[in-house]
There are 2 protein chains.
Amino acid sequence: MDDVEARRRVIEAADRLYYGNGIQAVGMDRLRTESGVSLKRLYSLFSSKEEIVLGVLSHRHQLWTQGLEAQVSQVGAPQDRVLAVYDYLAGWFTDDTFRGCGFINAFGEIGTAPSIAAAVREHKESFQRFMVGLVAQAGGSAELAGYLALLAEGAQTTAAIAGSPDPARQARRAAQTLISAELGDRTTVTV
Amino acid sequence: MDDVEARRRVIEAADRLYYGNGIQAVGMDRLRTESGVSLKRLYSLFSSKEEIVLGVLSHRHQLWTQGLEAQVSQVGAPQDRVLAVYDYLAGWFTDDTFRGCGFINAFGEIGTAPSIAAAVREHKESFQRFMVGLVAQAGGSAELAGYLALLAEGAQTTAAIAGSPDPARQARRAAQTLISAELGDRTTVTV
DNA sequence: AGCGTAAGAGAACGATCGTTCTCCACAAAA
DNA sequence: TTTTGTGGAGAACGATCGTTCTCTTACGCT
């Protein structure tokens with residue numbers, strides 16, 4: 001097993017364990033057992049647990065971004081591409097391992113560590129930028145994109161706590177209303 | 001110091017420490033030191049740390065509810081009473097100890113404990129009911145109330161992570177748009 | 001074959017976790 | 001004054017934390 005493969009196994013196991021149980025609740029011994037990577041190797045690949053957490057967040061950011069872009073790319077009409085964000089959320093919320101946004105959870109638990117707080121902030125800023133671009137393609141303002149991002153964030157926490165995927169559809173309908181209010185209804189082409 | 005006063009000191013210290021540092025990061029020794037209540041007394045007042053966390057959540061629920069109702073009660077016009085929710089958030093977000101919603105944080109960190117998850121769920125359901133009532137007074141639907149609750153939830157996490165109180169005002173403007181879309185603009189009386 | 005070295009398993013380290021127990025001081029009752 | 005008992009301070013408990021170290025095995029090189 002080379003270093004690349006070992007890192008992959010560690011990050012994958014850590015992501016699953018930290019996300020499902022909380023970060024502090026999972027010790028290095030458990031991570032060793034479930035990743036199959038010895039403690040010595042773990043500490044040669046990562047300098048500390050905090051580095052592993054940062055690696056997990058980076059990995060999660062990639063998965064999120066790729067999944068989101070894949071969902072959006074399946075849709076053509078600019079306004080529907082914006083709404084596809086909430087369809088992506090709806091699919092995620094029905095995953096039975098769903099337990100809210102891993103970044104928000106990490107921030108609440110160990111956001112006092114500056115490097116963790118920074119990683120979470122960057123992820124959320126990246127999502128904001130993504131929404132601004134997507135909304136701009138539909139002719140909408142950055143202000144509108146901010147509203148739609150708030151709805152997406154609210155849907156994530158509400159779905160996690162209520163244990164229901166419904167907030168995704170609810171957020172989608174609210175987004176439709178906000179888009180229509182700024183842009184008018186463009187489901188039929190106007191010239 | 002009677003039991004009532006001792007409980008008050010424990011809950012107050014625990015709330016401050018857990019909210020500011022995360023729950024698992026604060027041990028019973030620190031809680032003993034900062035509350036001034038001995039470990040023996042602590043365990044005669046509460047059967048376990050989990051009971052203390054539940055007490056903190058209950059206390060936080062009371063503070064939140066009272067503060068919210070106080071803010072809303074200062075306003076007369078039904079639509080403005082709805083918007084006062086976001087003014088309450090704006091005030092909270094500027095508190096320099098603000099670190100997001102304590103319930104969301106607790107859920108992410110130790111939501112695997114059923115009693116904690118239940119307490120968080122009840123708090124959020126209570127807020128949903130509050131919004132439904134408030135929106136109904138303005139002639140709005142439960143569906144609209146759901147949208148406005150999502151905005152409030154999203155504003156809390158976004159403000160915490162971005163470290164800015166601005167999402168409160170952003171959510172307020174989005175809420176205004178959603179209210180106008182369902183009810184029309186009622187800032188001047190229409191007959 | 002003999003030697004050097006990297007990596008494995010997991011014991012060990014000091015610290016701290018939640019919880020319990022011991023010991024002592026002081027106040028009320030006899 | 002002596003006895004009894006309640007509650008405080010904090011030591012102690014076993015477990016587990018993140019991290020390091022030891023010991024052993026096994027493989028590459030000459």
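Suppose the filter is closer than 24 Å to A:PHE107 by Cα, touching a residue at least 60 places away in the same chain (Cβ under 8 Å) and not polar (S, T, N, Q); does A:LEU17 pass it?
It is false that A:LEU17 is closer than 24 Å to A:PHE107 by Cα, touching a residue at least 60 places away in the same chain (Cβ under 8 Å) and not polar (S, T, N, Q).
For B:VAL10, state whether it is buried (at least 19 other Cβ atoms within 10 Å of the Cβ), within 14 Å of chain A (Cβ to nearest Cβ), within 15 Å of DNA strand C (Cβ to nearest atom) and not basic (Lys, Arg).
no
Select from the range B:86-103 the residues that are charged (D, E, K, R) and either farther than 24 Å from A:ALA106 by Cβ or without any contact (Cβ under 8 Å) to a residue 24 or more places away in the chain (or both) and write down the one among them that is nearest to the other protein chains (Cβ to nearest Cβ).
Looking at the filtered set, the residue picked out is B:ASP96.
Just checking, how many residues over the range A:81-95 are surrounded by fewer than 17 Cβ atoms within 10 Å (Cβ to Cβ) and over 21 Å from A:ALA160 (Cβ atoms)?
0
Given (1) in contact with a helix residue (DSSP H, G or I) (Cβ under 9 Å, 6 or more places away or on another chain); (2) assigned by TED's automatic domain parsing to the domain that holds B:PHE107, where does B:ASP80 come up short, assuming only one miss?
Status for B:ASP80: all satisfied but (1).
Restricting the search to the range B:29-42, which residues are part of a helix (DSSP H, G or I) and surrounded by 14 or more Cβ atoms within 10 Å (Cβ to Cβ)?
B:ARG30, B:LEU31, B:ARG32, B:GLU34, B:SER35, B:ARG41, B:LEU42
Please state which one of B:ALA175, B:ALA145, B:ALA136 is away from every other protein chain (no Cβ under 12 Å) and of a type outside the set (Lys, Arg).
B:ALA136
Out of everything in the range A:31-55 that is away from DNA strand C (no atom under 14 Å from the Cβ) and more than 14 Å from every other protein chain (Cβ to nearest Cβ), what residue ends up being modelled with the lowest pLDDT?
Looking at the filtered set, the residue picked out is A:SER47.
Which residues, counting only those in the range B:15-30, are hydrophobic (A, V, I, L, M, F, W, C) and either more than 12 Å from DNA strand D (Cβ to nearest atom) or at pLDDT below 95 (or both)?
B:LEU17, B:ILE23, B:VAL26, listed by residue number.
Looking only at the range B:155-167, decide whether some residue is within 13 Å of chain A (Cβ to nearest Cβ), assigned to a helix (DSSP H, G or I) and more than 19 Å from A:PHE107 (Cβ to Cβ).
no
So which residues in the range A:38-95 are more than 15 Å from A:ASP15 (Cβ to Cβ), under 16 Å from the mean Cα position of the chain (by Cα) and of a type in the set (Asp, Glu), if there are any at all?
A:GLU69, A:ASP87
The values are calculated or read from the model by the stated rules, or taken from the named source; none is laboratory data. Everything quoted here is computed from the prediction, not taken from an experiment. A quick note on method: Cβ atoms are made from the backbone with ideal geometry, for glycine too, and the neighbour counts reach across all protein chains shown.
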